[in-house]
Amino acid sequence: MRSVILFLTLAVPLGVFGQSPLNYPSSIRISGEVGKRLDASYENRILAQSVDELVEPFKHHTETRGWQTEFWGKWFTSAVLAYRYKPEPRLKVVLDNAVAKLEATQTPDGYIGNYADSSRLKQWDIWGRKYVMLGMLDYHDLTGDKKSLKVAAKVADNLINDLAKTDGIIVTKGNYRGMAASSVLEPICLLYVRTKNKKYLDFAETIVTQWETPEGPQLISKAGENVGKRFPKPQNWYSWEQGQKAYEMMSCYEGLLELYRITGKNDYKIAVEKTWQNIYDTEINVAGSGAAVEMWFGGKVYQAGHVNHYQETCVGVTWLKLSHQLFRLTGESKYADAVEQTFYNAILAAMSADGFHWAKYTPLAGQRLPGSGQCGMSLNCCEASGPRGLFNMPLHAVMHDKDGLVVSYFLPGEYTLNTPGGQEAHLQQQTSYPETGTVKIILALPKVESMSIRLRIPAWSKQTSLTVNGEQIAVQPGKFAIIKRTWKSGDQLELNLDMRGRVMKVDEGLQKAIMRGPILLARDSRLQGAPMGIVLNPSADKDGYIVLTPSKEKQADVWLQYSASFMPESYTEGGAKPVQADLCDYASAGNGTESSVYNVWLPQLTDPKNL
């Protein structure tokens with residue numbers, strides 16, 4: 001085991017242009033239901049993974065088209081996030097071992113991968129190199145280990161040299177109009193920040209320039225176009241011509257934001273912001289994710305139907321990560337709102353209760369079906385990537401900036417942060433959110449300090465109250481409440497959010513769904529009430545709110561369960577009387593110990609009188 005210095009601070013290396021306004025806490029410990037999910041994944045997915053299985057493909061340079069080499073990087077970056085959340089020595093040993101074993105596979109020319117010499121740069125080769133570099137850079141940032149930084153640099157140098165031996169054009173290599181290959185932009189930018197070697201910055205700018213060629217994905221010039229319609233539908237769905245690949249597209253935009261941090265070129269940031277908004281407006285569904293058969297397809301309007309291979313977990317994870325990148329840059333509440341919706345629904349729904357399995361796809365209706373191993377291995381891309389979304393959340397719950405503290409997510413636990421005055425602040429969240437809407441925040445400071453505390457007020461919370469030591473504070477939905485005052489140890493904030501059930505509609509009201517706070521609810525065949533398939537119209541008031549009552553007979557393996565009143569279909573002259581039916585959180589639907597079917601969207605009757 002290598003000997004390195006462990007930096008327990010969660011500092012984010014700064015770019016030449018400047019740092020993100022929002023910075024991570026120095027320690028976090030989360031309790032409650034989310035804490036249980038984090039612990040389950042920590043034990044049963046992060047620590048349970050065989051490192052030898054992940055490293056084995058790198059020992060054999062025979063591959064021509066597989067993507068086995070991404071699994072090490074996805075798992076490793078997940079494991080680093082898990083360690084930042086809970087820095088236990090036993091996981092540190094695993095991380096050290098994983099890095100040492102992978103480093104041992106590096107060839108004299110700097111290559112770490114599994115492709116045959118004649119197949120280098122083809123298919124998923126550069127994509128795999130990207131994940132190697134991301135993992136090595138994460139380890140360097142975590143530990144200060146210089147060797148891992150040199151290893152990452154040698155991988156980058158080898159890639160640049162391999163490209164120079166061909167035509168030097170990265171967008172014609174690999175898959176999906178070069179998006180898979182050119183998403184290497186992210187670690188190249190991170191490498192430049194850490195080494196200040198200008199050749200990496202030059203390479204990064206070359207990649208972006210090549211995006212805008214006729215062969216490239218045109219990620220900047222097409223930023224104002226719908227992501228599902230940027231290029232003609234290809235004859236072969238999984239081909240180089242396919243320009244709508246969701247995961248790889250967002251990965252490229254993550255890299256573009258890193259380049260913006262370095263250069264300050266506003267066109268880069270604007271392109272990502274425009275694309276994010278378009279994805280949100282045309283693709284993201286009520287569960288906070290989207291894409292089908294791995295592509296953008298204008299899917300928001302199709303979400304109430306049965307969609308083939310819907311919501312790949314890798315897509316949901318990358319959407320969450322991209323949203324957090326923009327949130328850290330801008331501090332805009334809409335990005336945090338989007339993350340919360342994705343985390344509590346698409347991300348938690350993809351994880352099995354024990355934390356070991358991650359679904360490859362999570363439909364809004366039907367069954368939870370397991371994915372299969374890929375590339376001859378026991379895991380697939382989503383099982384490797386899922387924890388990256390899960391463990392990304394704690395770092396962003398409570399952060400700090402030059403003005404003070406920023407509370408973005410309501411996760412019960414303890415947080416340690418730096419204040420503008422250089423003090424170490426301890427912030428405690430006492431809450432059972434989202435089961436309830438009450439959040440109590442208690443501050444501990446060595447001495448009094450004038451600063452601000454910003455608190456996110458979700459856009460869906462129309463009736464909200466916020467007090468500081470009992471004094472009422474004005475708030476606005478979809479904005480951060482900013483409280484600037486002289487704070488002292490023991491000061492308390494109390495937030496009460498609007499947890500009324502909200503009826504959502506699509507298809508001109510012919511399909512309805514119900515949300516409570518950030519939680520999407522679903523009918524499930526395990527729950528009491530009218531049988532699945534019965535037409536039920538939610539008994540909502542004129543403003544679209546429905547009364548939800550905690551169920552008296554809660555299913556043992558369900559997190560949140562509520563009873564609501566519905567009007568059923570009727571063939572009697574006098575009409576039907578309301579019936580009660582139970583719903584559960586979408587993450588629990590179809591995700592229990594017994595098999596069940598579920599449905600988020602409730603089909604409604606078509607009444608010719610209303611047409």
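The values are calculated or read from the model by the stated rules, or taken from the named source; none is laboratory data. None of these values were measured; they are calculated from a predicted model. Glycine also receives a Cβ, built like all others from the backbone with ideal geometry; neighbour counts cover every protein chain displayed.
What to note about this one:
- Matching residues, segment 378-427, being more than 22 Å from Q49 (Cα to Cα) and of a type in the set (A, V, I, L, M, F, W, C): L395, A397, V398, M399, L405, V406, V407, F410, L411, L417, A425, L427
- Tally, over segment 228-262, of residues that are in a helix (DSSP H, G or I) and farther than 19 Å from A181 by Cβ: 5
- For beta carbons closer than 9 Å, sequence separation of 6+ or different chains, a first residue in segment 303-320 that is assigned by TED's automatic domain parsing to the domain that holds S251 and closer than 16 Å to Y238 by Cα and a second that is surrounded by fewer than 24 Cβ atoms within 10 Å (Cβ to Cβ) and of a type in the set (K, R), the qualifying pairs are H309/K360; E312/K360.
- Residue among K488, K479, K505 that is assigned by TED's automatic domain parsing to the domain that holds T593 and not small (G, A, S): K505
- Residue match in segment 368-387 (condition: under 26 Å from G501 (Cα atoms) and surrounded by fewer than 22 Cβ atoms within 10 Å (Cβ to Cβ)): yes
- Residue tally, condition of a type in the set (S, T, Y), farther than 25 Å from E205 by Cα and part of a helix (DSSP H, G or I), over segment 263-305: 3
- Count of residues meeting criterion [closer than 13 Å to F71 by Cβ and either in a helix (DSSP H, G or I) or of a type in the set (V, I, T) (or both)] in segment 39-53: 4
- From T263, T313, T282, residue being modelled with pLDDT of 95 or more, crowded, with 24+ Cβ neighbours inside 10 Å, among the β-branched types (V, I, T) and farther than 26 Å from R454 by Cβ: T313
- Matching entry among I514, I457, I473, I519 (being under 19 Å from P434 (Cα atoms) and outside the structural domain of D585 (by TED's automatic domain parsing)): I457
- Filter pass, K130 being in contact with a strand residue (DSSP E or B) (Cβ under 9 Å, 6 or more places away or on another chain) and within 21 Å of G389 (Cβ to Cβ): no
- Number of positions in segment 98-139 that are over 28 Å from the mean Cα position of the chain (by Cα) and among the small types (G, A, S): 6
- Filtered residues of segment 276-294 (kept if touching a helix residue (DSSP H, G or I) at 6+ places or on another chain (Cβ under 7 Å) and of a type in the set (A, V, I, L, M, F, W, C)): W276, I279, I284, A287, A291, A292
- Residues in segment 438-451 that are part of a strand (DSSP E or B), more than 26 Å from P518 (Cα to Cα) and in contact with an Asp or Glu (Cβ under 8 Å, 6 or more places away or on another chain): M451 only.
- Within segment 285-310, the set of residues being at positive phi and surrounded by fewer than 23 Cβ atoms within 10 Å (Cβ to Cβ) comprises V293, E294, G298, H309.
- The single residue among A48, A104 that is without any contact (Cβ under 8 Å) to a residue 40 or more places away in the chain and hydrophobic (A, V, I, L, M, F, W, C) turns out to be A104.
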